[in-house]
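The values are calculated or read from the model by the stated rules, or taken from the named source; none is laboratory data. Predicted, not measured: the structure shown is a model, and the values here were computed from it. As a convention, Cβ positions derive from the backbone with ideal geometry for all residues, glycine included, and neighbour counts pool all protein chains shown.
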Amino acid sequence: MARNPALARVKQVYTDEARRLATQSMTQLEQSNLTPDALTISGVLLCIAGAVAVYFEYMGWAFFWIGAVLFVVGSILDILDGALARTQGAGSPFGAFLDSTVDRVGEGFMLGAIGLVFMRHGQMWAVALAFAAIAGSFLVSYARARAEALGLRGDVGLGSRAERVVVITTGLCLAPLHDLILPSTIALLTATAWLTVLQRILFVRKQLRGI
């Protein structure tokens, strides 16, 4: 399935920038005693801490921002763990499995916390969106994993993990401005996640037909 050239360029720009920042961080990480698995665990714990902070938003709007910061930092560590493993030559099948598994944990906790916030505010339609976002986000990663297990590519679409982190973080940062901003953000996340699932299914089908 053809990609939108403009969206592809946008994705490439922030992906390259993220990689540049990750490369700059690698020097300090290599000089430390941190292992890739330690970064992986630290990342998911920070994401969970961010989810807990978001849950306490009723104590003050600043908790949205605290949650967003913790979630972003945890997600960045998720990027750096793989880079550190490659640099140190410490990559292992278990490390790769652990990394891909805890990715879902951190994101699931954050979307779950956002769903609880919606429930507290009586936005039941938004709670349904949060459930749909969790399912869609998990399926995006699952579709890619299954495609790669078949020896195919499954990385198409705009709703990959990096994009989801950007959307969630933006929604949390802007949430104090209006009650509908965060639900609208989750609606966008849900739509892009499920669209990406469909794109990956069709892309895998296209590859199989070409074999």
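Quick one: in region 108-125, which of the residues that are under 21 Å from Ile66 (Cβ atoms) and among the small types (Gly, Ala, Ser) is modelled with the lowest pLDDT?
The qualifying residue modelled with the lowest pLDDT is Gly108.
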> For Phe203, all conditions in the list (1) over 18 Å from the mean Cα position of the chain (by Cα); (2) closer than 13 Å to Met110 by Cβ hold save one; what is the number of the exception?
Replying inline: (2)
> How many of the residues making up region 185-206 are of a type outside the set (A, V, I, L, M, F, W, C) and exposed (fewer than 15 other Cβ atoms within 10 Å of the Cβ)?
Replying inline: 2
> Taking Gly159, is it in contact with a Phe, Trp or Tyr (Cβ under 9 Å, 6 or more places away or on another chain), surrounded by 15 or more Cβ atoms within 10 Å (Cβ to Cβ), modelled with pLDDT of 90 or more and within 30 Å of Thr35 (Cα to Cα)?
Replying inline: no
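Among the residues that make up region 146-156, is at least one of them modelled with pLDDT under 95, of a type in the set (Gly, Ala, Ser) and crowded, with 21+ Cβ neighbours inside 10 Å? Working first, answer last.
Looking only at region 146-156, we keep the residues that are modelled with pLDDT under 95, and these are 146-156.
Among the residues that remain, those that are also of a type in the set (Gly, Ala, Ser) are: 147, 149, 151, 154.
Keeping just the survivors that are crowded, with 21+ Cβ neighbours inside 10 Å gives 154.
Yes, because at least one residue in region 146-156 is modelled with pLDDT under 95, of a type in the set (Gly, Ala, Ser) and crowded, with 21+ Cβ neighbours inside 10 Å.
Quick one: which residue in Ser75, Ser92, Ser25 is among the polar types (S, T, N, Q) and at pLDDT 75 or above? Break it down stepwise before answering.
Numbers: Ser92 fails: at pLDDT 75 or above; Ser25 fails: at pLDDT 75 or above.
Residue meeting the stated conditions: Ser75.
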>> Whether any residue in region 183-206 is modelled with pLDDT under 95, closer than 22 Å to Leu70 by Cα and of a type outside the set (Gly, Ala, Ser) is what I want to check.
In response: no
> In the set Gly159, Gly151, which member is in contact with a Ser or Thr (Cβ under 8 Å, 6 or more places away or on another chain), farther than 25 Å from Phe56 by Cα and not β-branched (Val, Ile, Thr)?
Replying inline: Gly159
> Would you pick out the residues in region 47-61 that are farther than 14 Å from Gly115 by Cα and free of Cβ contacts under 8 Å to residues at least 40 places away in the same chain?
Replying inline: Ala49, Met59, Gly60
> Here are Ala128, Ala175: which of them is of a type in the set (A, V, I, L, M, F, W, C) and over 20 Å from Val52 (Cβ atoms)?
Replying inline: Ala128
